[in-house]
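Every number here is computed from the coordinates shown, using simple stated rules; none is lab data. No experiment lies behind these values; they were computed from the predicted model shown. Here the Cβ positions follow ideal geometry from the backbone for every residue, glycine too, while neighbour counts run over all protein chains shown.
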Amino acid sequence: MFNFFRRKKQEEAEIQERTREALEKTRTSGGGFLSRLFELDDITDQFWEDLKETLIKADLGYNLTEKLIQQSQKRTLDEDTTRSKDVERIFRGEMVRTLEEAQNKAQASVLANAEKEKQRREIERRNAEMERRRKDKVQVKKGTFQSPDAPPAAAVIPSAGVGAQGEKRPYVIMVVGVNGSGKTTSIAKLAQYYRNGGGSVVLGAADTFRAGAIDQLKIWGGRVGVPVIARAEGSDPASVAFDTVKYANDNGTDIVIIDTAGRLQTNFNLMEEMKRVERVIEKAQPGAPHEIVLVLDAVTGQNGLSQAKHFSNAVGIDGVILTKLDGTAKGGVAFAIANDMKIPIKYIGTGEKVGDFAEFEALAYVNALFEK
Amino acid sequence: MFDTLSDKLEGVFRGLTGRGSISPEDIKKAMNEVERALIEADVNLRVTRSFIAAIEEEAVGEKVLKGLNPGQQVVKIVNDKLIEVLGGENEKLITSPQAPTIIMMVGLQGSGKTTHVAKLARMLRKGGKRPLMVACDTQRPAAVDQLQTLGKQLNIPVYSEGTEPRPPEIAKRALDAARKGGNDVIILDTAGRLQIDDALMTELEEVKGNTKPHEILLVVDAMTGQESVNVAEEFNRRVGLTGVILTKMDGDARGGAALSVRAVTGVPIKFMGTGEKTDAIEPFYPDRIASRILGMGDILTLIEKAQQQFDEAEAQKLQEKMKKGSFDLEDFVDQLRKIRKMGSLSGLLGLLPGVGKQMKELRNALETPEAERELSRTEAIVMSMTKNERHNPDLIDSSRRKRIAKGSGVQVSDVNNLLQQFRTMRQMMRSMGKGEMPNMGALMGGGGGAGGGFGGVNSRKSNQPKQVDPLAAYKSGKPGGPRPTKKKK
């Protein structure tokens, strides 16, 4: 997604610096926790036991830990090596593969969706064209007809494309997660991230339940410099989401980010409420939300799997924002989610400032874990 | 799902009972299963290992070796040991003999501190105290607003100085405010912080130094993974904890963090948060968490909830009645009411794999407007009968029928239909009582049986319902089936 950004040089340097800083924090705390294990010449049985412990302590869970170790052991046997350098390479590869499989699958579904959206737009375009032809045959004959499906100006940010009438459609992101995972802060960071890329952003304060949530988002909106659409506390969250998408459509905003109330995945009523928010967004703009991200606290243990499953069943999750990685928690359950459900990690949050944020890259991240 | 650990342990010990002795290797295998179960419940690995060591000692004892069911016995040992480590009895909040009692809340970001300040305050006020909540979280945007909003909702005073002054200063001045305001409990809300953030941890020490709290409570999210140990140890080292509040226990987290935190700090877990509302705080029950850690917790909670609707003893009585055929109209309408109340419960049950589909169908069936109307009508008819008539429906002759119809605002034929359906159902129950119960009945302890009867009432025309499936009437062409949920993309 970074590649779509058209930035000024200065900004570019600034972003790179921020990303580097954000990653630096994970390196100092979580990073390198695997490197010590490989500080020996030959791999022993004790090594595998130590590796298992390390992975379990990082919250990868029993199943993924066993899978990674078994596969690595098998490859080690295949290559007939006990040199720690080789084993490190093998194991590193296994980890990257686990993460990238999820990433690739998500990428494939993004492409499939883009194709679907294209087809939908094509039908819309044809209908609109028929209508126009009927109304204004002359113009078409003269060749002054402008295809409304002309490619948009090179996108600087993820774009939902243009509508039948040629108007710009906002790209809608819905942010969900359990209470206290860091949704509101992550939204501020996402907003800043897209602002840096040159896009216009609007936030929707659809967490109308928690006391102070609306104020919190408004304060962040003020700091980042993006408008926040809100109603009174306790009002219908779906209506707020609708208002926000409508605002973006009316004002030609590029990106809509909808905050939602924290909810435990086992709360039937609240999960239904979230589904309703999604349906209303879809009503406000067909094809939206284009992206639904689950915010996951890195300190979360194996319950993260339950979160991913339930949220995914309810609204379909496109990716995970792994937050609070500036602590000592490694967020290993996100690896387990990627492995079990092929849901990729998209972004990482590493602090309370809006710049403490980076796009997740499997290779770079795994490398950071091995850094000495 | 239900007793995975029991199942696995039984697998390990299967076929060994005849042999009369268990090898150390069998024990090792069993302990591996216990280890896996604890890790999956997020008990810290270090805590798990020392826990296992203690279990192993007991498990190799005579009892298990000669027992008839070693698997179950190991589970029992683990369960008992868990309760022991978690602390046998529920520990109360420390209150200072000299007012005010000062409570300080600490923890990571997003663990639920602010919400639990409000919950504690509300609980204490209920106990006759006059709490003051103090907004010392100057970090998170709108944290002060959040506490003030909660204060307004509960009508409990909040002391705040905005976000400019330093928290240790705010806390100090809050003590004076409390003395002037006559508050006998002060609850300090502090900003969430990472235990490795030295600057913020130092600030916390300062808040402590300025206020000398009687109670320093660590707020821990029940969903916390392996890190819970490091967090608890460091907070304990820096400020000295006196207790723990385990939050978000209304979810499906197994809550292994409770064991980890307790094991490394020795500090008791005093409360658990069980919902978003400000009254959702409960004393901590070690036994409940123990079974939850072992993977039986959800079921226990669910059974408890179900029991509010379907009391076990009552269900048994009902089954007895069904067997004897003394099931009367009063029981009938009673069951109808309970099924109605089950709406939210069935939603909860629907989240469990296995049980889910059936319960969802039942809920959808019960939520149609037709079903609602039918229920109220049936209830009205039965309520228009005398007690004697309800116990003894055969009493009801044609003049009684007229009276009942008038009383409930229905046609005499409706009363006739109901009575006929009831008789059919009673007959059905008699045969069922001897033979096998329908599936739902087995699950809900009698509820399903009534459900079957209910179905019978609804399908008025058929005199001999052949199905005992509670959903039978609804499956056949009734509107309001499962709403097709849109699968995204």
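Remark: spin-label model distance residue A:130-residue A:313 equals 4.1 nm, labels positioned 7 Å along the Cα→Cβ axis. Potential lengthening of the chain between residue B:411 and residue B:91 amounts to 109.1 nm, from the contour at 0.36 nm per residue minus the alpha-carbon distance. The fewest-to-most ranking of A:290, A:310 by surrounding Cβ atoms within 10 Å reads A:310, A:290.
Give me the extension gain from residue B:205 to residue B:238: residue separation times 0.36 nm, minus the current Cα-Cα distance, reported in nm with one decimal.
Computed gain between residue B:205 and residue B:238 is 11.2 nm.
Where does each of B:385-396, B:247-258 land if you order them by average Cβ count within 10 Å, highest first? Mind showing how you got there, number by number?
Numbers: B:385-396: 14.8, B:247-258: 27.9.
Descending packing order for the listed peptides: B:247-258, B:385-396.
Net charge of the neighbourhood of residue B:84, taken over other residues with C-beta under 14 Å away and scored Lys/Arg +1, Asp/Glu -1, is -2.
Taking 0.36 nm per residue of sequence separation and removing the Cα-Cα distance, the residue A:85/residue A:70 pair yields an extension gain of 3.6 nm.
Would you mind giving the mean number of other chain beta-carbons within 10 Å of the Cβ of each residue in A:304-312, as a whole number?
Average neighbour count from other chains, rounded to a whole number: 2.
On a 30 Å Cα-Cα criterion, which of the cross-link pairs B:76/B:248; A:330/B:126; A:309/B:126; B:81/B:208 come out too long? Listed pairs above 30 Å: A:330/B:126; A:309/B:126; B:81/B:208. When peptides A:343-356, A:233-246 are sorted by average Cβ neighbour count within 10 Å, with the highest value leading, the order is A:343-356, A:233-246. Here B:86, B:200 are placed in order of increasing Cβ neighbour count within 10 Å, fewest first, which gives B:200, B:86. Highest mean packing first, where packing is the average number of other Cβ atoms within 10 Å per residue, the peptides A:282-288, A:216-222 line up as A:216-222, A:282-288. Close amide H partners of residue B:224, meaning residues 5 or more places away or on another chain with modelled amide H under 5 Å apart, are A:301.
For peptide A:362-371, the mean count of partner chain Cβ atoms within 10 Å of a residue's Cβ comes to 0. With both labels modelled 7 Å from their Cα along Cα-to-Cβ, the residue B:32 to residue B:54 distance reads 2.5 nm.
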